[in-house]
Amino acid sequence: MTKLSVEHLLGIKYLKKQDIDLIFKTADHFKEVINRPIKKVPSLRDITIANLFFENSTRTKLSFELAEKRLSADVINFSSSQSSVTKGETLIDTVNNILAMKVDIIVMRHPNVGAGVFLSKHVNAKIINAGDGAHEHPTQALLDSYSIREKLGTLKGKKIVIIGDILHSRVALSNIYALQLQGAEVMVCGPTTLLPKYIASLGVKVETNIKKALQWCDVANVLRVQHERMDIKYFPSIREYTQLFGINLDLLKSLDKKIVIMHPGPINRGVEITSEVADSDQAIILNQVENGVAIRMAIIYLLAQQIRN
């Protein structure tokens, strides 16, 4: 397979296993590029990319920007807080104005679920979903899987637990789809109030005891509690959450095996994970950041190839 089976990257649920394999193979090549003294390639010199962020983002936005610049694309950055959106302009109007500037690819983060799908039906550009509400975050799931593959060699048969605020997380859903597509077993662990009612129907194991979850897994992907998405209290206090679901060095030492620790960031140190764990040799958090650039370069490059053909 030499091209993606999809026209846009809207969510992992639209991808095939072969798409993921192709993205990873392409990312292997770009990872080698970004570790060279000259980190830039002229691959997308004729491509213009608009980054549309209707929600705050630091890491994802920077990672996409860096990926685009490493590929020599022309980049337009758009943030809704400094735009006509605050004056009532609609999503379609905003995008059409940007498309009038002859944009080829749109990277978009939006608070509404399905915003990327909506856009893909109305505009003539490739859409990459950089997160839609609490729905999907496909590039994060791909870089997570890629990082696990790099560390463990394969995902097939591996046991991955996703811990924390599953209810409000777009990372969790995309990860579940991506991991299962690659033959991994998936468990979710967190307070019952932060586990969606439908979660078991996705074919994942459900656990509310952190020690049991960690003892079961090969890899723990730890999520932060997303207070900004909460309109009610889902647990009594941060202190209690940390006591029941926080990961510290003593807890890891109490296991009879060494597991891999991941975190998509931003980390609330001392809440879901202690600094000792985040900075330990079991954590691959900084590898995830580095791999994020290579994965995003691969996706942008593969979609740009479709524009040219």
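The values are calculated or read from the model by the stated rules, or taken from the named source; none is laboratory data. No experiment lies behind these values; they were computed from the predicted model shown. All Cβ positions, glycine included, derive from the backbone under ideal geometry; neighbour counts span all protein chains shown.
The table for this structure:
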item: Qualifying residue in region 203-224 (condition: buried (at least 20 other Cβ atoms within 10 Å of the Cβ), hydrophobic (A, V, I, L, M, F, W, C) and touching a His at 6+ places or on another chain (Cβ under 6 Å)); result: yes
item: Residues of region 139-167 classified as among the basic types (Lys, Arg), surrounded by fewer than 18 Cβ atoms within 10 Å (Cβ to Cβ) and not in a helix (DSSP H, G or I), total; result: 2
item: Search result, residues across region 174-190 that are buried (at least 21 other Cβ atoms within 10 Å of the Cβ) and without any contact (Cβ under 8 Å) to a residue 40 or more places away in the chain; result: Ile176, Leu179, Ala184, Val186, Val188
item: Residue within region 28-35 that is out of contact with any Phe, Trp or Tyr (no Cβ under 8 Å at 6 or more places or on another chain), within 30 Å of Gly153 (Cβ to Cβ) and assigned to a loop (DSSP other than H, G, I, E, B) present; result: yes
item: Some residue of region 57-64 being touching a residue at least 40 places away in the same chain (Cβ under 8 Å), surrounded by 13 or more Cβ atoms within 10 Å (Cβ to Cβ), part of a helix (DSSP H, G or I) and touching a Phe, Trp or Tyr at 6+ places or on another chain (Cβ under 6 Å); result: yes
item: Matching option when the condition is in the same structural domain as Ser79 (by TED's automatic domain parsing), in contact (Cβ under 8 Å) with a residue 24 or more places away in the chain, more than 16 Å from the chain's Cα centre (by Cα) and not in a loop (DSSP other than H, G, I, E, B), among Ile127, Ile106; result: Ile106
item: Within region 277-296, tally of residues that are surrounded by fewer than 18 Cβ atoms within 10 Å (Cβ to Cβ) and assigned to a helix (DSSP H, G or I); result: 4
item: Given (1) surrounded by 20 or more Cβ atoms within 10 Å (Cβ to Cβ); (2) within 24 Å of Asn291 (Cβ to Cβ); (3) not small (Gly, Ala, Ser), index of the condition Leu119 fails; result: (2)
item: Selected residue (criterion: nearest to Lys158 (Cα to Cα)) from residues of region 178-223 that are part of a loop (DSSP other than H, G, I, E, B) and charged (D, E, K, R); result: Asp218
item: Residues satisfying the stated conditions in region 256-268, i.e. exposed (fewer than 14 other Cβ atoms within 10 Å of the Cβ) and closer than 23 Å to Ala172 by Cβ; result: Pro266
item: Qualifying positions in region 261-276 - more than 21 Å from the chain's Cα centre (by Cα), touching a residue at least 12 places away in the same chain (Cβ under 8 Å) and not in a loop (DSSP other than H, G, I, E, B); result: Glu276
item: Residue count for region 109-161, restricted to those that are over 30 Å from Asn96 (Cα atoms) and of a type in the set (D, E, K, R); result: 7
item: Close pairs from region 156-167: first on the phi < 0 side of the Ramachandran plot, partner surrounded by fewer than 19 Cβ atoms within 10 Å (Cβ to Cβ) and assigned to a loop (DSSP other than H, G, I, E, B), Cβ under 6 Å, at least 6 apart; result: Lys156/Gly183; Asp165/Gln226; Leu167/Pro196
item: Those residues of region 1-50 which are surrounded by fewer than 17 Cβ atoms within 10 Å (Cβ to Cβ) and basic (Lys, Arg), in sequence order; result: Lys3, Lys13, Lys16, Lys17, Lys25, Arg36, Lys39, Lys40, Arg45
